[in-house]
1. How many of the residues making up region 17-50 are buried (at least 18 other Cβ atoms within 10 Å of the Cβ), free of Cβ contacts under 8 Å to residues at least 60 places away in the same chain and either over 26 Å from GLU109 (Cβ atoms) or among the polar types (S, T, N, Q) (or both)?
2. Just checking, does region 180-197 include any residue being farther than 20 Å from ASP216 by Cα and either surrounded by 19 or more Cβ atoms within 10 Å (Cβ to Cβ) or of a type in the set (D, E, K, R) (or both)?
3. So the check is Cβ under 7 Å with 6+ separation or different chains; which pairs have a first residue in region 164-182 that's over 20 Å from GLY29 (Cα atoms) and a second one that's of a type in the set (D, E, K, R)?
4. Just for region 86-103: of the residues that are touching a Leu at 6+ places or on another chain (Cβ under 8 Å) and either modelled with pLDDT of 95 or more or of a type in the set (Gly, Ala, Ser) (or both), which one is nearest to THR27 (Cα to Cα)?
5. What do you reckon, is GLU34 at pLDDT 95 or above and under 13 Å from the mean Cα position of the chain (by Cα)?
6. Take the conditions within 26 Å of PRO15 (Cβ to Cβ), modelled with pLDDT of 95 or more and of a type in the set (Asp, Glu) and apply them to GLU109. Does it pass?
Amino acid sequence: MSAITPYKNDLIENPSPRCPCMVVLDTSGSMSGEPIAQLNAGLAQFLQAVREDEVAAYSVEVGVITAGNRVREQLPFTTATHIEGFATLEANGTTPLGEAINLALDRLEARKAEYRKAGVAYYQPWLVIISDGEPTDEWQEAARRAQEFSLQRKLVSLPVGVSSANLSVLGQFSSRPALRLQGLRFAEFFQWLSASMSRVSASASTSASVQLPAMDGWASI
């Protein structure tokens, strides 16, 4: 990982309302080859697009957790202005997605507590889940937590299935159905995600509903 460590007093120096976006990626062995290459390219494009947005660069905080053989926190929550680059992700092993999402939810809750302590407003957090299969660990409790937060409008949970992913299982991590990525259109998906982050961070109110961009054919239900 190549990223600047967030400043301890960042919430004081930069009091902009925050939009935390945690990205959980399946990097198991089945993602080897072209899928992981396209995922890496799309993720890099996403980070660059958010950095180049004058408002989102100071408001959007990105975190990345991978589930490939074991769970790794690749990037703690960091504002886009502090992210210099991203090491290439590799695919191997099983898919401990339940553990990864539990960790993601814990990190989101901890970060919201830090916002409140610092008196910094924040938008509804996002949890983005991308997988080409289904969890190989105990995932039901993580799914229950994510779905409950989503139902309570405390979280935008967006599960996205790649290739032959089990959409029925992935959909249990949200109050909305999982989407299926068309082919390996990671670039289009991350373009949509960066545009969504831009709209959210530019909203006049942290409690207002935001009209998200059209999906432009990158996904289906």
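1. Here the count works out to 2.
2. no
3. Within 7 Å, no pair qualifies.
4. Per the stated criteria, the residue is LEU89.
5. In short, no.
6. yes
The values are calculated or read from the model by the stated rules, or taken from the named source; none is laboratory data. No experiment lies behind these values; they were computed from the predicted model shown. Neighbour counts are summed over all protein chains in view; Cβ atoms, including those assigned to glycine, are modelled from backbone coordinates with ideal geometry.
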